[in-house]
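> Before I ask anything, here is the structure I am working with.
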Amino acid sequence: MEFSLATNIERITNAIRNAEIAHGRYQDTVTLVAASKNVAAADIQAAIDLGLRIFGENRVQEVVAKWTDLRAANPGVALHLIGPLQSNKARQAVALFDVIESVDRTKLAQEIAEEAEKQGRNPTVNIQVNIGNEPQKSGVLPADTPSLIEACRNVYHLNVQGLMCIPPAGQDPSSYFLLLKSIAADHGLPILSMGMSADFAQAIAHGATHVRVGSAIFGDREPVVQ
Ligand SMILES: *Cc1c(COP(=O)(O)O)cnc(C)c1O
């Protein structure tokens, strides 16, 4: 594990830097978020020891179980929530995560805002966009995204910084990345969280600021339904 993990991290880090160069992006402007769902705490610690500092997790329960000790041992590490969030878990999410990337409805925005106020925390928030209008996927529809951004900003006073998406499987993601980029630009949002193991280089070509890479770092795990 140790050896392949080191190799994988080096390969992905180099591939990100190469994509920046290839697509005229400034150096070191694309941030790697290591998607660590279903990865054991020991392997996450190994990845931290190899230099990774930002991790994305999908489930609040899994984070409580896995990250309590990891957090205490690694104060410099940041955690992003990249999976769907139920409103009744907003309290835990606000307590556990530095960035909540999956805000997709006003009810959830309201719960996060109330908890942020109560806990004296101010998590960075991304809006998750269901960029392919897929019925089974989480995320706000593209057409409804402007009003959700406005509500998060002006009604709930959340620290909205960007958009996140997972394009439809089995298609060229380019047009979806471009659509996400244009919505973000329309609203002055600097963060574009898009691109995973299979397509992060393409996402960087289209403006990703954050890529969420799991299996290319940690190997294949049980798929998680979004
Ligand atoms: C698992 C996951 C990823 C990483 O996917 P890989 O294909 O394993 O790189 C990225 N984003 C989200 C929301 C995920 O659930």
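A short reminder: the numbers here are calculations on the coordinates, not readings from a lab. Quick caveat: nothing in here was measured; it's all calculated off a predicted structure. All Cβ positions, glycine included, derive from the backbone under ideal geometry; neighbour counts span all protein chains shown.
> Just the residues that are within 15 Å of the ligand (Cβ to nearest atom) and hydrophobic (A, V, I, L, M, F, W, C), please, taken from the stretch 141-171.
Passing the criteria: LEU163, MET164, CYS165, ILE166, ALA169.
> Still on this model: For the stretch 78-96, give me each residue that is buried (at least 24 other Cβ atoms within 10 Å of the Cβ) and under 10 Å from THR124 (Cβ atoms).
Across the stretch 78-96, the qualifying residue is only HIS80.
> Here's another thing I want to ask about it. From the list VAL94, VAL63, VAL125, which residue is in a helix (DSSP H, G or I), under 16 Å from the mean Cα position of the chain (by Cα) and farther than 23 Å from ASP220 by Cβ? Spell out the reasoning first.
Values: VAL63 fails: farther than 23 Å from ASP220 by Cβ; VAL125 fails: in a helix (DSSP H, G or I).
Being in a helix (DSSP H, G or I), under 16 Å from the mean Cα position of the chain (by Cα) and farther than 23 Å from ASP220 by Cβ holds for just one of VAL94, VAL63, VAL125, which is VAL94.
> Could you count how many residues in the stretch 33-53 are in contact (Cβ under 8 Å) with a residue 60 or more places away in the chain and more than 11 Å from ILE217 (Cα to Cα)?
2
> Of all residues in the stretch 179-202, count the ones that are farther than 17 Å from ASP144 by Cα and touching a residue at least 24 places away in the same chain (Cβ under 8 Å). Working first, answer last.
Residues of the stretch 179-202 that are farther than 17 Å from ASP144 by Cα, as a first pass: 190-202.
After this cut, where a residue has to be touching a residue at least 24 places away in the same chain (Cβ under 8 Å) as well, the list is 190-194, 196, 199-202.
Number satisfying all stated conditions: 10.
> Looking at LEU108, LEU148 in this structure, which one is part of a helix (DSSP H, G or I), over 18 Å from PRO190 (Cα atoms) and touching a helix residue (DSSP H, G or I) at 6+ places or on another chain (Cβ under 7 Å)? Walk me through how you get there before you give the answer.
Values: LEU148 fails: over 18 Å from PRO190 (Cα atoms).
Exactly one of LEU108, LEU148 is part of a helix (DSSP H, G or I), over 18 Å from PRO190 (Cα atoms) and touching a helix residue (DSSP H, G or I) at 6+ places or on another chain (Cβ under 7 Å), namely LEU108.
> Just checking, does the stretch 216-224 include any residue being within 13 Å of the ligand (Cβ to nearest atom) and without any contact (Cβ under 8 Å) to a residue 12 or more places away in the chain?
Restricting attention to the stretch 216-224, the residues satisfying the condition of being within 13 Å of the ligand (Cβ to nearest atom) are 216-224.
Remaining after also requiring without any contact (Cβ under 8 Å) to a residue 12 or more places away in the chain: 220, 223.
Checking the stretch 216-224: at least one residue is within 13 Å of the ligand (Cβ to nearest atom) and without any contact (Cβ under 8 Å) to a residue 12 or more places away in the chain.
> Which one is nearest to the ligand (Cβ to nearest atom) among residues in the stretch 1-35 that are part of a loop (DSSP other than H, G, I, E, B) and of a type in the set (A, V, I, L, M, F, W, C)? Give the steps one after another, and end with the answer.
Within the stretch 1-35, the subset part of a loop (DSSP other than H, G, I, E, B) is 1, 23-30.
Restricting the remaining residues to those that are of a type in the set (A, V, I, L, M, F, W, C) gives 1, 30.
Details: MET1: 17, VAL30: 15 Å.
Per the stated criteria, the residue is VAL30.
> From the residues in the stretch 162-178 that are under 18 Å from the mean Cα position of the chain (by Cα) and assigned to a helix (DSSP H, G or I), which one is nearest to ALA203 (Cα to Cα)?
Narrowing the stretch 162-178 to residues under 18 Å from the mean Cα position of the chain (by Cα): 162-169, 173, 176-178.
From what is left, the residues that are assigned to a helix (DSSP H, G or I) are 176-178.
On the way: TYR176: 10, PHE177: 6, LEU178: 9 Å.
Ranking the candidates gives PHE177 first.
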